[in-house]
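Student: Sharing a structure here in structure tokens format.
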Amino acid sequence: MGPIPDYEHLVTPHLEDLRKYCYYLTKSKWDAEDLLQDTLLKSLIFFHHTEPYLDVKPFLIRVARNLWIDDCRKRNRRRFMLADLSTVNYSDNNYAEVRGAIEWLAERLPRRNIDMWLLFNYFGYTLQEIAQASNCTISAVKSVLFRTRDQLRNRHMLSGNRKVIHLDVERWSRAVMQDRPQGLLSEG
């Protein structure tokens, strides 16, 4: 009596309904598949450590809903991180506001610092992932992120005398607006 066969027996009758519910929440085939997989994994772990609920379908629906809510909250947190860089509080996240914040960064920080800072703080990459993407060591990433955070904490002392490369600003702005970190990784 292992947890896997019991789990499959309990969950299989509800897979199609769960798939439809995931699509209903996400409105995207790809996001729905990701949410479905995350839901199944989370419920498998839960069932492995506890007795499964008698009403499996409502439990799966609740897990999917909670995972989706968590993901939406995470995305919203990332979107508003850049607003902290300016003295203005923005209520919406449009291109002009993002580009303005990115230009402010570009006037004050080196390209590598901005790339790593966005990957870590905005896109949620790990130090290891940033090191691999940047072809450097984890120590180098830590050092760059530490210096960048320190400079941003003391932003009143930062001078805006760096030459702004508008292609970089556009690349960073598009990556943030489209929520596509690949836009940061495509250029080095």
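The values are calculated or read from the model by the stated rules, or taken from the named source; none is laboratory data. Quick caveat, the model's predicted, so the values are computed rather than measured. A quick note on method: Cβ atoms are made from the backbone with ideal geometry, for glycine too, and the neighbour counts reach across all protein chains shown.
Student: Could you grab me the full set of residues in the stretch 7-49 that are among the polar types (S, T, N, Q) and under 20 Å from residue 70 (Cβ atoms)?
Tutor: Matches in the stretch 7-49: 26, 28, 37, 39, 43.
Student: Another question, if that's okay. Starting from residues that are among the aromatic types (Phe, Trp, Tyr) and closer than 15 Å to residue 72 by Cα, keep the ones in the stretch 6-58 and report whichever is surrounded by the fewest Cβ atoms within 10 Å (Cβ to Cβ).
Tutor: Here the answer is 24.
Student: Quick check on my filter: what residues within the stretch 59-71 are acidic (Asp, Glu) and surrounded by 12 or more Cβ atoms within 10 Å (Cβ to Cβ)?
Tutor: Answer for the stretch 59-71, where residues must be acidic (Asp, Glu) and surrounded by 12 or more Cβ atoms within 10 Å (Cβ to Cβ): just 71.
Student: Output the residues belonging to the stretch 132-146 that are part of a helix (DSSP H, G or I) and either modelled with pLDDT of 90 or more or surrounded by 21 or more Cβ atoms within 10 Å (Cβ to Cβ) (or both).
Tutor: 138, 139, 140, 141, 142, 143, 144, 145, 146
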